[in-house]
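The next block holds one structure in the form of structure tokens; read it before the comments.
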Amino acid sequence: MKKLISIVIPIFNEEGNIEPLYKEISRLINLEKKYSFEIIAVDHGSTDSTFVKLLTIHSYDKKLKIIQLSKNFGSADPAIEAGLNYATGNAAVIIMADLEEPPEVISKFLRKWEQGYEIVYGIVNQRPKNIAISRKVASVLYYKILNFLTGNIFPESVSDFRLIDKIVYETVNKMEEKNKYLRGLIAWSGFNQTGVPFKRMTRHSGQTKATFSAVLKVALNGVFSFSYVPLRVVTIMGFLLSIVSFSFIIYQVILFVIFGRGQPGVSTIIILISFLFGMSFIIWGILGEYLSRIYDEVKNRPNYIVKKKIGFLL
């Protein structure tokens with residue numbers, strides 16, 4: 001009996017990419033004849049004709065299964081999580097719908113999986129020339145900082161494009177935490193893993209959803225989900241600020257006792273107050289990030305809500 005591969009595709013407003021992506025994946029399926037495939041397209045609250053196009057393809061190819069979420073829940077992770085929860089394959093492949101990640105690379109993933117690797121992730125070794133240099137530099141710096149804060153558990157220059165064995169995605173599915181950073185959870189799980197370099201292509205159609213604010217939110221989620229270093233920094237900052245404050249108080253007492261006067265200059269006081277208040281707000285902000293995650297856990301709201309399921313037996 002052929003092993004089943006689940007291809008999970010999070011999709012948000014990709015009406016111009018649905019049919020080209022389906023053709024590329026169909027070409028891959030025809031090449032990999034020793035496997036059977038299911039395609040799980042997760043419509044992440046699209047407002048264009050994405051869902052209609054998915055329904056059209058499903059009408060003549062039942063390998064395509066559709067999950068429509070009730071709205072967009074932020075980053076792609078909730079849609080990926082939904083797809084993995086409904087996957088039934090011996091392995092699952094996560095791929096975006098913009099065709100920046102060539103579907104033919106999945107064949108290389110499968111060869112590595114056959115060698116016994118349970119996680120095979122795509123490593124971006126070349127980016128499109130039209131990508132801003134600032135974006136490339138920011139990506140490199142992000143992984144450097146993230147690995148520094150988390151003890152080097154994240155491979156650099158990786159994307160969500162990857163293959164994971166059933167044992168891996170079932171393990172991740174059991175993790176009930178909110179604000180899931182799936183890329184991190186998969187790497188953290190510790191299963192046997194390797195990477196496959198690939199050239200990231202130019203988006204086929206439409207506008208990128210990776211805006212600065214969206215990327216920043218994902219980046220912060222990665223840091224605060226896998227590192228306690230910011231909390232330790234807060235402790236150190238508080239300790240150092242206390243030393244500075246007490247030293248200034250002692251200095252003022254010495255001036256008064258020995259010279260009978262205080263330190264002249266309103267500017268000094270304003271600078272110190274501004275500095276201390278600025279540091280305090282930074283500390284409160286870091287604590288607030290962790291507290292907000294605790295609050296999300298307490299509320300226990302789902303990471304996604306399924307509106308419709310099409311093509312599934314149950």
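Return yes when Ala41 is under 18 Å from Ile106 (Cβ atoms), in contact (Cβ under 8 Å) with a residue 24 or more places away in the chain and open to solvent by less than 10 Å² (accessible area, probe 1.4 Å) and no when it is not. Steps first, please.
Working: under 18 Å from Ile106 (Cβ atoms): yes; in contact (Cβ under 8 Å) with a residue 24 or more places away in the chain: yes; open to solvent by less than 10 Å² (accessible area, probe 1.4 Å): yes.
Here the answer is yes, as Ala41 does meet what is asked.
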Residue in segment 75-113 that is modelled with the lowest pLDDT, counting only those that are in a loop (DSSP other than H, G, I, E, B) and in contact with a Pro (Cβ under 8 Å, 6 or more places away or on another chain) = Ala76
request  = State the number of residues belonging to segment 14-38 that are open to solvent by 40 Å² or more (accessible area, probe 1.4 Å) and touching a Ser or Thr at 6+ places or on another chain (Cβ under 8 Å).
outcome  = 2
key: Residue among Leu149, Leu54 that alone is open to solvent by 30 Å² or more (accessible area, probe 1.4 Å) and either under 30 Å from Pro230 (Cα atoms) or modelled with pLDDT of 90 or more (or both)   = Leu149
request  = Go through segment 272-314 and count every residue that is closer than 18 Å to Ser242 by Cα, surrounded by 12 or more Cβ atoms within 10 Å (Cβ to Cβ) and more than 25 Å from the chain's Cα centre (by Cα).
outcome  = 5
query = Just one of the numbered conditions (1) buried (at least 20 other Cβ atoms within 10 Å of the Cβ); (2) of a type outside the set (Gly, Ala, Ser); (3) closer than 24 Å to Lys178 by Cβ is not true of Asn85; which one?
reply = (1)
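Looking only at segment 57-68, which residues are in a helix (DSSP H, G or I) and open to solvent by 50 Å² or more (accessible area, probe 1.4 Å)? Can you show your working first?
Going residue by residue through segment 57-68, those that are in a helix (DSSP H, G or I) are 57-60.
Selection gives Ser59, Tyr60.
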ask   = Are there any pairs with C-beta distances below 8 angstrom linking a residue in segment 17-32 that is at pLDDT 90 or above to a residue that is open to solvent by 30 Å² or more (accessible area, probe 1.4 Å) and part of a helix (DSSP H, G or I), with the two at least 6 apart or on different chains, and if so which?
value = Ile18/Lys53; Glu19/Lys53
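The values are calculated or read from the model by the stated rules, or taken from the named source; none is laboratory data. Only a predicted model underlies this, so the values are computations on that prediction, with no experimental measurement involved. Note: ideal-geometry Cβ built from the backbone for every residue, glycine included; neighbour counts use all protein chains shown. Areas reflect the complete protein model, heavy atoms only, side chains present, ligands, DNA and RNA absent. Shrake-Rupley method; radii C 1.70, N 1.55, O 1.52, S 1.80 Å.
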